[in-house]
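See below for the structure under consideration.
The values are calculated or read from the model by the stated rules, or taken from the named source; none is laboratory data. Quantities reported herein were computed from a predicted structural model and do not represent experimental measurements. Note that each Cβ is placed from the backbone with ideal geometry, even for glycine, and that neighbours are counted across all protein chains shown.
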Amino acid sequence: MRLIISVALIVLSALTTVAKSKEEKQAEARKKADATLQRLYKAKPSAQAAVNSAAGYAVFNSGGAKILVAGAGRGSGIAVDKGTKKVTYMKMREIQAGLGMGVKKFSTIFVFETKDALNKFINSGWEFGGQSTAAAKTGDGGGSLQGAVSVSPGVWMYQMTDKGLALELTGKGTKYFKDDDLN
């Protein structure tokens, strides 16, 4: 009898954990994004000025695995319009090819210099592939973006692992899109 009660309690607690409300999931996404930004600011203090002077930003926490010739990743995050303070909840999916093996957790932070670049990212979804080269600063003022790479006009990306700023910044076969369940 004790075994049945113990199993029932474990199942009930697992269901309670899984069945979070929309508001709880939104709060958790915002909390993760805030923690990721704080890690970025600690690793690269100049990033705070870049985010503060931007039209908006997006923060994603993701994980992925690569086994032999194929890999995949998934994650979630938020995009924030700094002018309106509106938060959009988003998802990320990634596919990659090439030899390798491993599992990694990473965070990606996008800084949008213009509202147009932010709106395109949020409303059209976004995908890209390949590697970007590092650049030190925006061309027309704004905050310093050292440690970031330009991934398209007016869009800069920081990528971090648990150990700090990533040395190689990639976005191979990555798609970002709105999370219909949380918006």
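Tabulated values for the structure
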read-out: Some residue of the range 112-130 being under 16 Å from G64 (Cβ atoms), among the hydroxyl-bearing types (S, T, Y) and modelled with pLDDT of 85 or more; value: no
read-out: Any hit, the range 44-64, residues being touching a helix residue (DSSP H, G or I) at 6+ places or on another chain (Cβ under 6 Å) and in a loop (DSSP other than H, G, I, E, B); value: yes
read-out: Residue list for the range 23-72, filter: surrounded by fewer than 16 Cβ atoms within 10 Å (Cβ to Cβ), over 17 Å from the mean Cα position of the chain (by Cα) and within 26 Å of I95 (Cα to Cα); value: I67, L68, V69, A70
read-out: Any chance K86 is under 19 Å from K31 (Cβ atoms), modelled with pLDDT under 85 and basic (K, R); value: no
read-out: Only listed residue being in contact with a strand residue (DSSP E or B) (Cβ under 8 Å, 6 or more places away or on another chain), buried (at least 20 other Cβ atoms within 10 Å of the Cβ) and modelled with pLDDT under 90, chosen from A148, A136; value: A148
